[in-house]
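A.B. asks: Next up is a structure, given as structure tokens.
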């Protein structure tokens with residue numbers, strides 16, 4: 001990316017432009033905001049979308065993202081690990097300092113996280129009292145405090161958004177930020193729609209989807225990888241929505257057919273840039289057949305587990321080769337308590353640390369460290385509120401109004 005040329009006069013004691021940028025990239029985002037007040041030249045440089053994106057790329061290569069959680073009562077928290085090496089020491093939910101300035105705006109509204117990308121949070125604002133105002137989407141940079149409101153394409157206050165099925169992010173080949181909205185409008189008819197919003201074009205586009213596919217994707221998480229969203233279908237299949245061509249493809253599961261009938265829950269996720277699927281099932285429901293990928297030693301271990309009655313198993317499989325749907329490999333299985341394992345609702349892999357977070361419907365999070373042998377886990381509970389959704393977050397100067405270089 002071409003760097004903005006603002007240093008012909010050589011500020012900062014004649015330092016080169018590259019060196020000045022290297023220094024600025026290493027400063028905290030909040031400090032850069034204060035530097036904008038130093039002079040018009042600093043303000044022009046730091047406000048430039050090209051600078052914001054260059055600084056963001058530097059941060060991505062040097063700094064792990066925060067893991068955020070949207071809680072009840074419109075509170076945002078980050079995950080804090082008490083130990084860098086042992087998650088069983090405890091994990092806390094720490095409230096953000098950067099809560100909403102426009103608190104009065106959300107007094108009678110409920111906030112839900114659609115997604116997070118490049119320092120921008122995409123929130124769905126639900127009006128509690130329908131007659132007061134309509135629902136809307138809100139793109140917010142919590143560091144710069146900039147926010148952008150986006151009206152819904154249909155429905156207004158009579159809309160029910162399937163938040164977990166929605167998505168916000170950046171599609172590189174299109175050089176555009178996209179919002180995928182899946183919602184059911186109750187009036188005048190009970191109808192489910194799928195729309196895609198382009199931040200660059202500032203408009204919604206309705207996607208034609210069969211009723212069967214809409215029914216499948218509106219009840220599960222959207223998982224983004226390789227410029228496509230992946231949804232678990234109702235009939236042992238994955239629905240893949242290509243964000244570039246805006247088309248669907250149905251992919252059948254090609255593995256462990258003997259396991260699927262006994263599965264209590266299954267969730268998609270991303271682990272080390274690979275698509276993965278998590279199964280939760282009773283160990284004593286196994287058929288006794290071992291998988292082709294398992295060694296004889298693994299089979300003996302699995303056979304021993306089968307005789308342990310009523311153990312709930314967390315099992316993780318990874319697609320080793322992109323778009324090779326026969327390359328599924330079982331990574332590991334963990335014994336979990338029934339209270340925990342029966343209420344998984346969202347899977348989130350922490351890319352930099354390898355830690356896995358699973359949102360549980362019983363007000364808590366299950367945090368798994370697969371690097372230990374056997375994998376360890378801890379349950380994180382917050383006595384104040386439920387965890388609605390989790391997302392990775394990276395601080396940035398990217399503006400919701402002008403995120404693209406001029």
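A.B. asks: Confirm whether residue 149 is part of a strand (DSSP E or B) and exposed (fewer than 15 other Cβ atoms within 10 Å of the Cβ).
C.D. replies: Working: part of a strand (DSSP E or B): yes; exposed (fewer than 15 other Cβ atoms within 10 Å of the Cβ): yes.
So residue 149 fits the description; yes.
A.B. asks: So which residues in region 77-128 are assigned to a loop (DSSP other than H, G, I, E, B), farther than 28 Å from residue 377 by Cβ and at pLDDT 85 or above?
C.D. replies: 118, 119
A.B. asks: Look through region 237-277, keep the residues that are assigned to a loop (DSSP other than H, G, I, E, B) and more than 23 Å from residue 180 (Cβ to Cβ), and return whichever of them is modelled with the highest pLDDT.
C.D. replies: Across region 237-277, the extreme among qualifying residues is 272.
Residues are listed down the side, and each one gets a yes or a no for (1) modelled with pLDDT under 70; (2) surrounded by 14 or more Cβ atoms within 10 Å (Cβ to Cβ); (3) in contact with a helix residue (DSSP H, G or I) (Cβ under 6 Å, 6 or more places away or on another chain):
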{"site": "323", "(1), (2), (3)": "no, no, no"}
{"site": "328", "(1), (2), (3)": "no, yes, no"}
{"site": "336", "(1), (2), (3)": "no, yes, no"}
{"site": "343", "(1), (2), (3)": "yes, yes, no"}
{"site": "357", "(1), (2), (3)": "no, yes, no"}
{"site": "361", "(1), (2), (3)": "yes, no, no"}
{"site": "383", "(1), (2), (3)": "yes, no, no"}
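A.B. asks: Are there any strands (runs of 3 or more DSSP E) wholly within region 179-228 with 2 or more residues that are closer than 17 Å to residue 115 by Cα, and if so which?
C.D. replies: In region 179-228, 191-198, 223-225 are the strands (runs of 3 or more DSSP E) which contain 2 or more residues that are closer than 17 Å to residue 115 by Cα.
A.B. asks: Which of the residues that make up region 25-52 are within 25 Å of the chain's Cα centre (by Cα) and surrounded by fewer than 14 Cβ atoms within 10 Å (Cβ to Cβ)?
C.D. replies: Of everything in region 25-52, those that are within 25 Å of the chain's Cα centre (by Cα) and surrounded by fewer than 14 Cβ atoms within 10 Å (Cβ to Cβ) turn out to be 28, 30.
A.B. asks: Exactly one condition in (1) at pLDDT 85 or above; (2) in contact with a helix residue (DSSP H, G or I) (Cβ under 7 Å, 6 or more places away or on another chain) is not met by residue 74; state its number.
C.D. replies: (1)
The values are calculated or read from the model by the stated rules, or taken from the named source; none is laboratory data. Because the structure is predicted, anything quoted here is derived from the model rather than measured. Note that each Cβ is placed from the backbone with ideal geometry, even for glycine, and that neighbours are counted across all protein chains shown.
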